[in-house]
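The values are calculated or read from the model by the stated rules, or taken from the named source; none is laboratory data. Predicted model only: the values in this text are computed from it and were never measured. Ideal geometry is used to build each Cβ from the backbone, glycine not excepted, and the neighbour counts take in all protein chains shown. For accessibility, only protein heavy atoms count, side chains too; no ligands or nucleic acids. Shrake-Rupley method; radii C 1.70, N 1.55, O 1.52, S 1.80 Å.
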Amino acid sequence: MTIAVIGMGGNIGEPEKALPEAVLRICALDSVSFRTVSSLYRTEPIDSSGPDYLNAVLVIETEMGARALLTELLRIENELGRVRPAGVHNAPRTVDLDLLLYGEEVSDDPFVILPHPRMTERAFVLVPLNEAAPQCKITAKTKAADYLADVKDQRIQQYKSPKQWLNLNGECTHGRKQNPKAG
């Protein structure tokens, strides 16, 4: 099993509904086990427009390869209404699911770049990652906390604790997968 870290966000539609639904759909994937999730944070758009984002980080264990996992994340985005306007980079979105880290894998494959590019420049990634997995290394030698000083001027505010925004009702449990559609 490989530990994977997924960045989650959205700023249009109903991200408070889309993000928990995304977690449930990710937990329902074969070969995925829920580990932990960060608080939900309200953040300013960076290189984007529109209203503030809601962001979180999800940590899972998986037997899927990085490419297969990212393919599933993109499918879930589409199912939850993600639209990618042609020629518009970083458009406002209903939900965004980014594969940030996949174990210690490093990849420059254009489809799945690992670690995710620019993650060390974004408070909306580093702050929730540092909360959810403070010992997680971005590179072989650096943790999220090592980059926090570089993003201290980006506006980010804890909005809801994991229990407040992600009421799983037994649908995902720490360290194992349960089918979210069950009972």
In the stretch 108-156, what residues are loosely packed, with under 14 Cβ neighbours inside 10 Å, in contact with a helix residue (DSSP H, G or I) (Cβ under 8 Å, 6 or more places away or on another chain) and within 17 Å of ALA66 (Cα to Cα)? ASP109, PHE111
Within the stretch 59-74, how many residues are part of a loop (DSSP other than H, G, I, E, B) and either buried (at least 21 other Cβ atoms within 10 Å of the Cβ) or among the charged types (D, E, K, R) (or both)? 1
Which pairs turn up if I take residues in the stretch 125-137 that are closer than 10 Å to SER39 by Cα and look for partners that are of a type in the set (Ser, Thr, Tyr) and open to solvent by less than 60 Å² (accessible area, probe 1.4 Å) with beta carbon separation below 7 Å, at least 6 apart in sequence or on another chain? VAL127/TYR41; PRO128/SER38; PRO128/SER39; PRO128/TYR41; GLU131/SER38; GLU131/SER39; ALA132/THR36; ALA132/SER38
Of all residues making up the stretch 1-35, the number that are closer than 15 Å to GLN164 by Cβ, in contact with a helix residue (DSSP H, G or I) (Cβ under 9 Å, 6 or more places away or on another chain) and open to solvent by 20 Å² or more (accessible area, probe 1.4 Å): 2
Subset of the stretch 36-58 (residues that are closer than 21 Å to LEU70 by Cβ and surrounded by 18 or more Cβ atoms within 10 Å (Cβ to Cβ)): VAL37, SER38, TYR53, ASN55, ALA56, VAL57, LEU58
